[in-house]
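A short write-up of the structure that comes next.
Every number here is computed from the coordinates shown, using simple stated rules; none is lab data. Remember, it's a predicted structure, so these values are computed and weren't measured experimentally. Note: ideal-geometry Cβ built from the backbone for every residue, glycine included; neighbour counts use all protein chains shown.
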């Protein structure tokens with residue numbers, strides 16, 4: 001089990017206009033140094049770009065920092081570009097698949113997973129059109145991941161943010177029903193605290209299917225600021241020999257820097273790389 005920290009325009013280490021301005025790249029390199037200095041081994045990025053020059057610059061910064069790319073999030077495609085797998089417009093769905101598959105190829109070069117969260121859309125599965133659209137788009141992305149030895153992490157997200165795939169059971173059933181071979185489950189302590197009867201039991205039930213794991217406390221602040229026993233949940237992952245990444249995806253509170261330091265201190269008793 002290895003630990004990473006999110007850099008994005010919203011959650012984690014927050015950098016406005018990330019990768020859109022020269023100053024944001026300077027701030028990104030500072031963030032990578034901060035992660036490394038605090039014992040993190042990797043970084044999670046939220047991307048909506050496919051500019052080869054920008055991706056190469058990101059890779060150069062990662063190589064310089066000696067941090068690994070743990071995961072690539074796709075949330076900006078939904079939040080900023082207004083794209084989703086369940087858009088009523090077929091051309092928009094095609095565009096979404098095209099952009100996600102490019103990120104899958106980029107991530108696969110670094111043995112990183114691509115996260116499918118809100119980019120799937122927020123509609124209800126009571127609509128057969130939504131189910132069919134999501135299944136077809138994910139099947140296309142899954143096929144691309146299989147071809148390039150990539151991996152997709154389909155996230156279970158709470159009911160207040162999306163009307164479907166709210167629990168690990170829902171996500172696992174959808175993966176199975178859709179015949180997805182390169183797609184696993186993303187479990188997030190914040191979402192599980194809302195939707196699951198027991199976070200610990202959910203981890204035990206689905207550990208073999210976890211493709212990525214997010215930590216944030218009950219209030220979505222860094223670990224230690226809420227009431228969740230995240231350290232205990234990490235011990236279960238270790239006990240069950242989980243070999244993937246655990247990524248901190250919390251609000252940048254009290255500040256971005258403070259959130260990194262607080263998370264590192266919370267995890268200190270786990271020695272970061274081995275609980």
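Suppose we look only past 15 Å in the calculated P(r) of the range 226-269. What percent of the Cα-Cα pairs does that tail hold? Summing the P(r) tail past 15 Å for the range 226-269 gives 50 percent. Considering only 187, 134, 34, the mean-square fluctuation computed in a Gaussian network model of the chain, springs between alpha carbons under 10 angstrom, is largest for 34. Given Cα positions, please report Rg to Rh for the range 68-161, the hydrodynamic radius being the Kirkwood one. Answer for the range 68-161: 0.96.
When its C-alpha radius of gyration is set against 2.2 N^0.38 Å (N residues), the chain gives a value of 0.94. Length gained on full extension, residue 235 to residue 68: 57.8 nm, using 0.36 nm per residue less the C-alpha separation. Ranked by the mean number of other Cβ atoms within 10 Å of their residues, highest first, the peptides 175-181, 156-162 come out as 156-162, 175-181. Backbone N atoms of the range 1-18 closer than 16 Å to the 7 Å Cα→Cβ label point of residue 36 belong to residues 4-5.
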